[in-house]
Amino acid sequence: MVPRRITVTVLTAGLLLGAGAAPAHAAAPPDVTKGPCQYTETPDEPAARPVPLPRDPRHTPDRGTITTTLITNVGLIPLTLDRAQAPCTVQSFLHLVRHKFYNRTICHRLTTYPTLKVLQCGDPSGTGEGGPGYRYKDELPTDLPPAPTDPTGVRKVYARGVLAMANAGPDTNGSQFFLVFADSALRPNYTIFGSVRPLGLRTLDRIAAGGVAPTAEDPAPTDGAPAVRTEICLVMSP
């Protein structure tokens, strides 16, 4: 899996009161945008960096592609965003880019399992637990080929160059995303919203070649912080 590693805190609906008593103040419902994307505020998971809810027009742009570029300390990672594939996701990603949400953030996770090879970014806290203070619905792929490593056919191929959203379960997309540097086998539970252009793949290969940073507990890890520290210095907005 490629979870966001969000820690979900379950809160009780109110204080424990005597029979017949009522809470003094009911919690206000979260803000939800009025358009089809329904970006929903997450008060229990506040934004890692202040940002408003995205615009949510009734006719969300759903045609064409947009090129944007992650400028990292390791090299450029140009991306092609596909509005037809995931209009709400592209709308949110561009919103975060324009609010400089991703500037000066690290890519906190590299996985080098035989069936999962991705770089994960998009959390200003650098912990894997941070997000933008809102969530929105999945826009899942339906036409991915079955992974040859999974005889059940449940897992699909997220091919080299795929750009997809990380999540903590259904309809919990936020700001974290992952870049696939080699074909990976995943359940089709992650929204694909674009691709990494060839120059970006070369940058990803340099990061992947460094492997995962070893720790005292695990001198040869396959999942953790990349040994080649990767910082998104700036994202070029279209």
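The values are calculated or read from the model by the stated rules, or taken from the named source; none is laboratory data. Keep in mind the model is a prediction, meaning the values are calculated, not measured. So basically every Cβ, Gly included, is an ideal-geometry build from the backbone, and we count neighbours across all protein chains shown. For accessibility, only protein heavy atoms count, side chains too; no ligands or nucleic acids. Shrake-Rupley method; radii C 1.70, N 1.55, O 1.52, S 1.80 Å.
Please determine, by comparing only the residues of the range 201-229 that are of a type outside the set (Gly, Ala, Ser) and part of a strand (DSSP E or B), which one is most open to solvent (accessible area, probe 1.4 Å). Working first, answer last.
Let us first name the residues in the range 201-229 that are of a type outside the set (Gly, Ala, Ser), namely 201-207, 212, 214-215, 217-219, 221-223, 226, 228-229.
Filter once more, keeping what is part of a strand (DSSP E or B): 212, 223, 226.
Numbers: Val212: 14, Asp223: 43, Pro226: 14 Å².
Selected residue: Asp223.
Taking the condition of being touching a residue at least 12 places away in the same chain (Cβ under 8 Å) and open to solvent by 70 Å² or more (accessible area, probe 1.4 Å), how many residues in the range 188-198 meet it?
Step one: list which residues in the range 188-198 are touching a residue at least 12 places away in the same chain (Cβ under 8 Å), which gives 188-197.
Of the ones still in play, those that are also open to solvent by 70 Å² or more (accessible area, probe 1.4 Å) are 189, 197.
Matching residues across the range 188-198 total 2.
For the range 81-94, name all the residues that are under 14 Å from the mean Cα position of the chain (by Cα) and surrounded by fewer than 22 Cβ atoms within 10 Å (Cβ to Cβ).
Leu94
State whether one or more residues within the range 171-180 are open to solvent by 40 Å² or more (accessible area, probe 1.4 Å) and out of contact with any Cys (no Cβ under 9 Å at 6 or more places or on another chain).
The first filter runs over the range 171-180 and keeps only residues open to solvent by 40 Å² or more (accessible area, probe 1.4 Å), leaving 171.
Subset that is out of contact with any Cys (no Cβ under 9 Å at 6 or more places or on another chain): 171.
Among the residues of the range 171-180, at least one is open to solvent by 40 Å² or more (accessible area, probe 1.4 Å) and out of contact with any Cys (no Cβ under 9 Å at 6 or more places or on another chain), which makes the answer yes.
Please give the number of the condition Lys117 fails out of (1) under 14 Å from Thr191 (Cα atoms); (2) out of contact with any Pro (no Cβ under 7 Å at 6 or more places or on another chain).
Single failed check for Lys117: (1).
Count, please, the residues in the range 120-137 that happen to be open to solvent by 30 Å² or more (accessible area, probe 1.4 Å), part of a loop (DSSP other than H, G, I, E, B) and either within 25 Å of Gln85 (Cα to Cα) or among the hydrophobic types (A, V, I, L, M, F, W, C) (or both).
1
Within the range 95-111, can you find the residues that are of a type outside the set (A, V, I, L, M, F, W, C) and either surrounded by 20 or more Cβ atoms within 10 Å (Cβ to Cβ) or part of a helix (DSSP H, G or I) (or both)? First the steps, then the outcome.
Pass one, the range 95-111, residues of a type outside the set (A, V, I, L, M, F, W, C): 95, 98-100, 102-105, 108-109, 111.
Matches in the range 95-111: His95, Arg98, Tyr102, Thr105, His108, Arg109, Thr111.
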